[in-house]
1. Please turn the phi angles of the range 238-255 into ³J(HN,Hα) values with the Karplus equation 6.51 cos²θ - 1.76 cosθ + 1.60 (θ = phi - 60°), one per residue in order, whole Hz, x for glycine and proline.
2. How much length is gained if the chain between K128 and A240 is pulled fully straight, taking 0.36 nm per residue apart and subtracting their Cα-Cα distance, in nm to one decimal?
3. How would you rank 133-141, 87-95, highest first, on the average number of other Cβ atoms within 10 Å across their residues?
4. Run the simple label-point estimate for T229 and A116 please: 7 Å along Cα→C-beta, distance reported in nm.
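FYI, it's all coordinate maths here, none of it is from the lab. Source: prediction; values computed, not measured. Note that each Cβ is placed from the backbone with ideal geometry, even for glycine, and that neighbours are counted across all protein chains shown.
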Amino acid sequence: MIAATPACLLGAGTVTFAAGTTRPRDLTLKPLGLALIGAAIALAATPAWADQYRQAADNAQVDCVVSNHELTRISLVGDAFASVSKITTGYPYNDFTVTNEPVRGDIYLSVPEGFAPGRLSFFATTRKGYVYKFACSIGGPEAEQIFVSNPAIAGERAQAWEAKTGPRDAAVRLVQAMAANSAPDGYVMRQVAAAPTRVGDLSVRLVAEYRGGALTGRVLRIDNRGAKTVPVDPAQLTPAGSLAVSVADRELGPQQATTLYVVLDGSAGA
């Protein structure tokens, strides 16, 4: 029996999945390709220390865990540290050190052996003008990494992506990105487990949402629950004033399904 390596499975899964996605607006899952990719990931997986991911707004507190022996790295997503403010007691076992790495704008923390307080806190100001309070407990001996993102920065990137073209063209580009199962720069994509609604024989269910600056994209699964072929009319299934709508199939046979993409004006509270 020939053993399949993770690399072989991953390669085969990628080719199979790519071959099934020649239609750019069809998000139908390709079971064989996904199964092979999943098998490769399962075979290649090894235990690893988990990095810490935090989301914080301006002036918010960031809770984290730092190493009691090695360095702890804190990195800002889309930003960089400009300065750190902390109290120095003058007693070696009560003080921790902070080093600012100027190229990437990260900071590195270290605590002395037998660090007496058991916790540490400090304030940090970023190059984009945000201020965070870090409140950290002392963990184990392994090095730690902490990544902090600010939704406001992602919103700025999303607005820049949308501003490359006019609103209508940006809506079309968002439809294309959703059809490719890809989130544009700065967009936040979330899977949704919404209850379906019925429109005649059609069952309509929201499965994903993409939120950016001025635009919001939604992915809908449409199922024909009836016994006859029925047309799929986007005008009946999407809100009035939608900026862009695309549907993979214009009619569905009994028990068939398709995917519909719609882009709304997110600034209007969509």
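1. 10, x, 5, x, 4, 7, 7, 9, 9, 10, 5, 10, 8, 8, 10, x, x, 6
2. Fully extending the segment from K128 to A240 adds 36.5 nm.
3. Packing proxy ranking, top to bottom: 133-141, 87-95.
4. Going by the 7 Å Cα→Cβ label model, 8.3 nm.
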